[in-house]
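Trainee: Below you'll find the structure I mean.
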Amino acid sequence: MVDFSIIIGGKAGFGIDRASVIIGRLFNQLGYRIYIYRDYPSLIRGGHTFSVIRVSSDRIAAHRSKIDFLLALNQDTLDLHRDKLKDGCFFLYDPELVKVPGQACGVGVAIGKILKEENAPEIMRNTCIIGALCKAVGIDAKTMEDVLRKEIPRELELNLKVASRGFGESRELTRVEPLVRERLPVVSGNEAIGLGLVKGGLNFYVAYPMTPSSPILHFLAEKATEFGIKVIHPESEIAVILMALGFAYMGKKTAVGTSGGGFCLMTEGLSFAGMAELPVVIVMGQRPGPSTGLPTYSSQTELHFVLNAGQGEFPRFVAAPGDAEEAYYWSAAAMNIAWKYQIPSFILSDKNLAEGIFNFDINSVEPIKEENPLLWDKTSPYKRYLNTESGVSPLAFPPEQGAPIKVNSYEHDESGITTEEPAMAKTMTEKRLRKEKYLSGELEGYKTINVYGNKDSSTAILCWGSNKGVCVEAAKNTDLKVIQPVVLWPFPADRFRDELKGVKTLISVEDNATGQLARLVKAFGFDVDEQILKYDGRPFSVDGLEEELKKWTRKT
Amino acid sequence: MDQKNLGTYALNTWCPGCGNFAILNAVKTVIAELTQEGLPLEKAVLVSGIGCHGKIVDYINTNSFYSIHGRDIPPAEAIKISSPDVKVIVFAGDGDAYGEGIEHLIFAAKRNIDITMIIHNNRVYGLTTGQYTPTSPFGFKGRSTPRGTKEAPINPLELMLASGATYLARGTSHGIELLKKIFREAIAHKGFSLVDVLQVCVTYYNMYDYYDKRVYELKDHNPADINQALAKIREWDYNKDAPICLGELFKKENVAGQEDSAQGPVDRENKIKEFLSSSI
């Protein structure tokens, strides 16, 4: 099995992010599977930004702590990451900018000089070092040029020239042989979410910028015409969710995207959605808090916030996808479920999923298509909140002749007129809550919990969200079972019980300090034996998690 | 459609003598007239916030979106964007529009989105039993400010003029004929329109006598002239005693708004596939 990792690093503004995607695509072109972890601080220029590009012959969705190549666009990159190199000399750098301590070593490429000679701007340092990397790993100039032609939007010819000069001044350290097999698309988790929403029938995407969900806003705004949607960026997250509810009232399928801080502002609108039975999909990308926290890093700290946000009691749906395929599938499913049950529906993402770069195999995703909601039959007089057996009332949307459509944040009767009558309040509360029972029933037909690894192992890892990738790989190496609930509400307790059969030790792996999923399953009577928690904003590495797991498994 | 048929079975719970009755009757008359002139009733969508004013949507038998406090404007904008041919009429209180939801109000004016705001400006919180609002005068003694406020009110019309509103008018709940006239004009206006109604709360801040002595209808005023409009808007600052002008204060026509054309049908399946194949 081929498996190696590259770190490219430099200051923010060096185009590290873009360069890492180009490097990923280069190896993707050779038939490898890739995963990219992006690490950047909350600033626009300066600081230290890096990406880990992991390349493997197998599907992967996690990084390893040791690396094979280091592309040092500045001194910090060499100083901070050289100790991760398996071979301390497999690094590429510009001798003008980066001083190598000790014995001369690595591949020096006079990037600054090349840029000067070609009259190229500083931002093209990354293109130059990509050229040097291609030579170092034995990628031929033709493949390099093909990928660059596709990936570089501006000043292509100059970029090609600079890359080719970098290629020329580098030397071959190893040779990565191309694999003959189907190549897969390379997308970010956020793009997969966006595509899933479109697949689910999205009409409007409304968002206020906030890491790690802003890239969905950018992606869908860029592609709005192509996908036949509209994208709106209003004055605040309060306006975002209220606009979404206005669109839902008009029959427009709408999603919003934010992170914890923005979601705080949305909670009054969320509760309104619960009362008025207005469907909306909320993409909640988690990052470490409290408050501003670590804005550009990852966490899994909002599970209970999302489960409990909003005053009053009302049903909701919460799914936490673990990779690009799941992000796509569940974003479409969340839209269908929101409209079928007229409830708020969450995609609980996190920065590692949102901004991670994955291969995406659409053919491996279960078929899913946009579903139509229950509509008014136009025979009986219209009542927006008709009390039905399932609790779901037929929908009509303005303008609809002969049917005044009244939605209401107050408790209301079947026609949507305010009421404070005790019997009606009880009836309508039960009507709303009844929908969750029917939703739970429908979810039995979905893959609400995924299981991987050695299914007979008596030790199982419990994880959710983006930790899927690292847990599945670590479990493979340690011969453990992995249980990954994707649907977190309504919690699929019966299926969870089934999957726990034969498991004696349950170890939870979460990116938070208090064990939020462990707390959730506890409420259903399931005990987690051990918890491996990480709350520094950075993702688990495969080897790091394996070490942690070995500590616990040795004990038992 | 006769205005009598526009009612609902909801029991009206406003206090006797409440200024909201004038707004309700004026709006029902205007909607009835518009339907007689050819507007299908279903093309009127009413939005309200929370407060005494909000109950108005329960009393009118057409489409309505009874929102939460201060949050009537974002859904109204979404309704208009979804369906540019509907008339969106937003009822908001002064606490609602000038307090809790003021950011939305400023942005709606800035966008010049084609909705009509009718502000039930009684200058007191009624439903929460008598606290000061953004338009209460300096020194107002409410239940949260028993020794009197120490801040001057905002002049909402001046704020709206600065924010880009393209239609501004003022009326009172003691002048239903004028209300009907300016409501009609505001609804007909293409762009963001706002009518500030000095609506009297008989229970917590009965200003009928005060207003009756000071109000006058604008004559020889050119609402297209922003300087004249500003001068008239500044004549009374919602604080010190001064003549209070009523009627159409500002009107700017043919300004581009936010709404645009509907989405064309696209083959999404294909577009998703195209995107994916370009991402290899």
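The values are calculated or read from the model by the stated rules, or taken from the named source; none is laboratory data. Keep in mind that this is a model prediction, so the values were computed, not measured. Neighbour counts are summed over all protein chains in view; Cβ atoms, including those assigned to glycine, are modelled from backbone coordinates with ideal geometry.
Trainee: Could you count how many residues in the range B:78-100 are over 13 Å from the mean Cα position of the chain (by Cα) and either in a helix (DSSP H, G or I) or facing another protein chain (nearest Cβ under 7 Å) (or both)?
Mentor: 9
Trainee: Could you run through the range A:248-259 and say how many residues are farther than 13 Å from B:SER67 by Cα and in contact with a helix residue (DSSP H, G or I) (Cβ under 7 Å, 6 or more places away or on another chain)?
Mentor: So the answer is 8.
Trainee: Sticking with this one: Every residue in the range A:533-551 that is in a helix (DSSP H, G or I) and touching a residue at least 60 places away in the same chain (Cβ under 8 Å), please.
Mentor: Matches in the range A:533-551: A:VAL542, A:ASP543, A:GLY544, A:LEU545, A:GLU546, A:LEU549, A:LYS550.
Trainee: Of a type in the set (Val, Ile, Thr) and farther than 17 Å from A:LEU73 by Cα - does that describe any residue in the range A:113-135?
Mentor: Within the range A:113-135, not a single residue is of a type in the set (Val, Ile, Thr) and farther than 17 Å from A:LEU73 by Cα.
Trainee: Which residue is nearest to the other protein chains (Cβ to nearest Cβ), if the candidates are limited to the range A:405-446 and must be surrounded by fewer than 16 Cβ atoms within 10 Å (Cβ to Cβ) and within 26 Å of A:LEU488 (Cβ to Cβ)?
Mentor: A:THR429
Trainee: With (1) within 18 Å of A:ALA273 (Cα to Cα); (2) part of a helix (DSSP H, G or I); (3) within 14 Å of chain B (Cβ to nearest Cβ) as the list, and A:ALA332 as the residue in question, which single condition is left unmet?
Mentor: (1)
Trainee: Against the definition (at pLDDT 95 or above and in contact with a His (Cβ under 8 Å, 6 or more places away or on another chain)), how does A:VAL198 come out, yes or no? Give the steps one after another, and end with the answer.
Mentor: Working: at pLDDT 95 or above: yes; in contact with a His (Cβ under 8 Å, 6 or more places away or on another chain): no.
So A:VAL198 does not fit the description; no.
Trainee: Report every pair of residues separated by at least 6 positions or lying on different chains whose Cβ atoms are under 7 Å apart, first residue within the range A:13-30 and of a type in the set (Phe, Trp, Tyr), second in a helix (DSSP H, G or I).
Mentor: From the range A:13-30, the pairs are A:PHE14/A:ARG125; A:PHE14/A:ASN126.
Trainee: Would you pick out the residues in the range A:131-160 that are surrounded by fewer than 20 Cβ atoms within 10 Å (Cβ to Cβ) and in a helix (DSSP H, G or I)?
Mentor: A:ALA141, A:LYS142, A:THR143, A:GLU145, A:ASP146, A:ARG149, A:LYS150, A:GLU151, A:LEU156, A:GLU157, A:LEU158, A:LEU160
Trainee: Every residue in the range A:111-151 that is within 14 Å of chain B (Cβ to nearest Cβ), touching a Lys or Arg at 6+ places or on another chain (Cβ under 9 Å) and free of Cβ contacts under 8 Å to residues at least 40 places away in the same chain, please.
Mentor: Within the range A:111-151, no residue meets the criteria.
Trainee: Let me ask you something else. Determine the pairs where a residue that is without any contact (Cβ under 8 Å) to a residue 40 or more places away in the chain, located within the range A:95-110, has a partner that is in a loop (DSSP other than H, G, I, E, B) and surrounded by fewer than 15 Cβ atoms within 10 Å (Cβ to Cβ) with Cβ atoms under 8 Å apart, the partner being 6 or more residues away or on another chain.
Mentor: What qualifies is A:CYS105/A:GLY88; A:CYS105/A:CYS89; A:GLY106/A:CYS89.
Trainee: Does A:ARG54 count as without any contact (Cβ under 8 Å) to a residue 40 or more places away in the chain and closer than 23 Å to A:PHE358 by Cα?
Mentor: The answer is no for A:ARG54.
Trainee: Condition first: free of Cβ contacts under 8 Å to residues at least 60 places away in the same chain, touching a helix residue (DSSP H, G or I) at 6+ places or on another chain (Cβ under 9 Å) and outside any loop (DSSP other than H, G, I, E, B). Now tell me which residues in the range A:509-532 satisfy that.
Mentor: Result: A:VAL509, A:VAL521, A:GLU530, A:GLN531, A:ILE532.
Trainee: From the list A:SER458, A:SER466, which one is small (Gly, Ala, Ser) and surrounded by fewer than 16 Cβ atoms within 10 Å (Cβ to Cβ)?
Mentor: A:SER458
Trainee: Restricting attention to the range B:53-77, and to residues there that are outside any helix (DSSP H, G or I) and β-branched (Val, Ile, Thr), which single residue is nearest to A:THR267 (Cα to Cα)?
Mentor: By that ranking, first place goes to B:ILE68.
Trainee: Now for a separate question. Could you check the range A:345-399 and list, in sequence order, the residues that are over 31 Å from the mean Cα position of the chain (by Cα) and either small (Gly, Ala, Ser) or at positive phi (or both)?
Mentor: A:LYS378, A:SER380, A:SER390, A:GLY391, A:SER393, A:ALA396, listed by residue number.
Trainee: Of everything in the range A:73-130, what is out of contact with any Leu (no Cβ under 9 Å at 6 or more places or on another chain), assigned to a loop (DSSP other than H, G, I, E, B) and either outside the structural domain of A:HIS63 (by TED's automatic domain parsing) or more than 19 Å from A:SER5 (Cα to Cα) (or both)? Give them in sequence order.
Mentor: Matches in the range A:73-130: A:PRO95, A:GLU96, A:GLY102, A:GLN103, A:ALA104, A:CYS105, A:ALA110.
Trainee: Is at least one residue of the range A:419-429 in contact (Cβ under 8 Å) with a residue 60 or more places away in the chain, of a type outside the set (D, E, K, R) and assigned to a strand (DSSP E or B)? Before you say what the answer is, go through the steps one by one.
Mentor: Kept after step one, since they are in contact (Cβ under 8 Å) with a residue 60 or more places away in the chain, are these residues of the range A:419-429: A:429.
If we keep only those that are of a type outside the set (D, E, K, R) as well, we get A:429.
Now restrict to residues that are assigned to a strand (DSSP E or B): none.
No - not one qualifying residue is present in the range A:419-429.
Trainee: I would also like to ask the following. Might you let me know whether the range A:201-224 holds any residue that is in contact (Cβ under 8 Å) with a residue 24 or more places away in the chain, in contact with a His (Cβ under 8 Å, 6 or more places away or on another chain) and within 27 Å of A:ILE23 (Cα to Cα)?
Mentor: Yes, the conditions are met somewhere in the range A:201-224.
Trainee: Anything in the range A:204-246 that is in contact with a Ser or Thr (Cβ under 7 Å, 6 or more places away or on another chain) and either modelled with pLDDT under 95 or away from chain B (no Cβ under 11 Å) (or both)? List them, or say none.
Mentor: Within the range A:204-246, A:ALA207, A:TYR208, A:MET210, A:THR211, A:PRO212, A:SER213, A:PRO215 qualify.
Trainee: Please enumerate the residues belonging to the range B:23-51 that are under 21 Å from A:THR418 (Cβ atoms) and more than 14 Å from chain A (Cβ to nearest Cβ).
Mentor: Once the filter is applied, which keeps residues that are under 21 Å from A:THR418 (Cβ atoms) and more than 14 Å from chain A (Cβ to nearest Cβ), the range B:23-51 yields B:ILE23, B:LEU24, B:ASN25, B:VAL27.
Trainee: Quick check: is even one residue across the range A:287-303 under 25 Å from A:ARG434 (Cβ atoms) and assigned to a loop (DSSP other than H, G, I, E, B)?
Mentor: The answer is no; no qualifying residue exists.
Trainee: So A:PRO321 passes all but one of these: (1) surrounded by 18 or more Cβ atoms within 10 Å (Cβ to Cβ); (2) within 22 Å of A:ILE241 (Cβ to Cβ); (3) more than 20 Å from the chain's Cα centre (by Cα); (4) not small (Gly, Ala, Ser). Which condition number does it fail?
Mentor: A:PRO321 satisfies all of (1) surrounded by 18 or more Cβ atoms within 10 Å (Cβ to Cβ); (2) within 22 Å of A:ILE241 (Cβ to Cβ); (3) more than 20 Å from the chain's Cα centre (by Cα); (4) not small (Gly, Ala, Ser) except (3).
Trainee: Within the bounds of the range A:162-184, is there any residue that is within 28 Å of A:SER466 (Cβ to Cβ), in contact with a Phe, Trp or Tyr (Cβ under 7 Å, 6 or more places away or on another chain), surrounded by fewer than 24 Cβ atoms within 10 Å (Cβ to Cβ) and within 11 Å of chain B (Cβ to nearest Cβ)?
Mentor: yes
Trainee: Which members of the range A:6-39 meet the condition of being surrounded by fewer than 23 Cβ atoms within 10 Å (Cβ to Cβ) and of a type in the set (Gly, Ala, Ser)?
Mentor: Scanning the range A:6-39 gives A:ALA12, A:GLY13, A:GLY15, A:GLY31.
Trainee: Restricting to the range B:62-75, name every residue that is buried (at least 24 other Cβ atoms within 10 Å of the Cβ) and more than 7 Å from every other protein chain (Cβ to nearest Cβ).
Mentor: If the condition is that a residue be buried (at least 24 other Cβ atoms within 10 Å of the Cβ) and more than 7 Å from every other protein chain (Cβ to nearest Cβ), then B:GLY70, B:ASP72, B:ILE73 are the ones that fit.
Trainee: Here's a check for you: in the range A:384-404, which residue that is buried (at least 19 other Cβ atoms within 10 Å of the Cβ) and either closer than 22 Å to A:GLY269 by Cα or polar (S, T, N, Q) (or both) is nearest to the other protein chains (Cβ to nearest Cβ)?
Mentor: Going through the qualifying residues, I end up with A:PRO398.
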